[in-house]
1. Can you pull out the residues in region 94-115 that are exposed (fewer than 15 other Cβ atoms within 10 Å of the Cβ), assigned to a helix (DSSP H, G or I) and over 16 Å from the mean Cα position of the chain (by Cα)?
2. For region 83-93, indicate whether the set of residues that are in a helix (DSSP H, G or I) and under 23 Å from TRP11 (Cα atoms) is non-empty.
3. Across region 117-141, what is the number of residues that are open to solvent by 60 Å² or more (accessible area, probe 1.4 Å) and either part of a helix (DSSP H, G or I) or at pLDDT 75 or above (or both)?
4. If I filter region 40-51 for residues that are touching an Asp or Glu at 6+ places or on another chain (Cβ under 8 Å) and at pLDDT below 95, do I get at least one hit?
5. For the structure I just gave you, tell me whether ILE63 is aliphatic (A, V, I, L, M), surrounded by fewer than 18 Cβ atoms within 10 Å (Cβ to Cβ) and in contact (Cβ under 8 Å) with a residue 24 or more places away in the chain.
6. List pairs: first in region 97-116 and at pLDDT below 95, second part of a helix (DSSP H, G or I) and among the β-branched types (Val, Ile, Thr), Cβ under 9 Å, 6+ apart or cross-chain?
7. Keeping to region 34-60, report how many residues are open to solvent by 60 Å² or more (accessible area, probe 1.4 Å), assigned to a helix (DSSP H, G or I) and without any contact (Cβ under 8 Å) to a residue 40 or more places away in the chain.
Amino acid sequence: MKTNGKMIAYWTVTSLLAISITLSGIGQLLRYGGNVELVTHIGFPLYVTNILGSWKILGVIAILMPGFPRLKEWAHAGIFFLMTGAALSHLFANDYGDYGFNMILPLFYAALNIASWSLRPQSRILGSLPGNTEKRQKKQRSVSSSNFL
């Protein structure tokens with residue numbers, strides 16, 4: 001995928017993730033809609049909504065703000081654990097929702113999170129990834145410098 005196409009894909013997926021997680025976090029903080037029932041039905045205390053909602057909002061801020069690649073890594077990991085933990089909590093409590101919605105939605109958010117993480121630009125990557133050899137880095141530099149011409 002070309003660099004511009006990858007950047008558009010990254011920001012599209014990341015925007016969808018940010019909007020979804022922000023709305024979910026606000027809903028939990030305000031205990032809006034079915035958030036109270038979702039949490040209490042699986043046996044969690046109601047104050048968990050404050051913790052989860054705060055983590056979600058902070059995670060989105062960390063992913064969107066420029067710089068701080070280590071914080072972004074932690075935020076992506078946190079969102080992944082939050083979403084897969086939500087799906088598993090509903091699974092273990094036999095609380096699938098209509099057509100498995102209580103499990104499908106958090107897993108969809110986890111997939112968006114993985115896509116955002118894997119499409120992130122070089123400036124948002126901490127260190128080097130496996131297989132990111134010197135030859136590959138030189139190729140990436142030459143491609144990005146040729147885009148400016």
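1. If the condition is that a residue be exposed (fewer than 15 other Cβ atoms within 10 Å of the Cβ), assigned to a helix (DSSP H, G or I) and over 16 Å from the mean Cα position of the chain (by Cα), then ASP98, TYR99, GLY100, PHE101 are the ones that fit.
2. Just the residues of region 83-93 that are in a helix (DSSP H, G or I), to begin with: 83-92.
With the extra rule that they be under 23 Å from TRP11 (Cα atoms), the set shrinks to 83-84.
Scanning region 83-93 turns up at least one residue that is in a helix (DSSP H, G or I) and under 23 Å from TRP11 (Cα atoms).
3. As a first pass, look at region 117-141 and keep what is open to solvent by 60 Å² or more (accessible area, probe 1.4 Å): 117-118, 122-123, 126, 128-130, 133-136, 138-141.
Okay, now just the ones that are also either part of a helix (DSSP H, G or I) or at pLDDT 75 or above (or both), so 117-118, 122-123, 126, 134-136, 138-141.
Result for region 117-141: 12.
4. As a first pass, look at region 40-51 and keep what is touching an Asp or Glu at 6+ places or on another chain (Cβ under 8 Å): 41-42.
Among the residues that remain, those that are also at pLDDT below 95 are: 41-42.
Checking region 40-51: at least one residue is touching an Asp or Glu at 6+ places or on another chain (Cβ under 8 Å) and at pLDDT below 95.
5. On the way: aliphatic (A, V, I, L, M): yes; surrounded by fewer than 18 Cβ atoms within 10 Å (Cβ to Cβ): no; in contact (Cβ under 8 Å) with a residue 24 or more places away in the chain: yes.
Considered against the rule, which asks whether it is aliphatic (A, V, I, L, M), surrounded by fewer than 18 Cβ atoms within 10 Å (Cβ to Cβ) and in contact (Cβ under 8 Å) with a residue 24 or more places away in the chain, ILE63 comes out as no.
6. GLY97/ILE104
7. Residues flagged as open to solvent by 60 Å² or more (accessible area, probe 1.4 Å), assigned to a helix (DSSP H, G or I) and without any contact (Cβ under 8 Å) to a residue 40 or more places away in the chain within region 34-60 amount to 6.
The values are calculated or read from the model by the stated rules, or taken from the named source; none is laboratory data. Owing to the predicted nature of the structure, the values given are computational and were not obtained by experimental measurement. Methodologically, a virtual Cβ is constructed for each residue, glycine included, from the backbone with ideal geometry; neighbour enumeration extends over all protein chains shown. When the accessible area is computed, the model is the full protein with side chains, heavy atoms only, and any ligands, DNA or RNA have been set aside. Shrake-Rupley method; radii C 1.70, N 1.55, O 1.52, S 1.80 Å.
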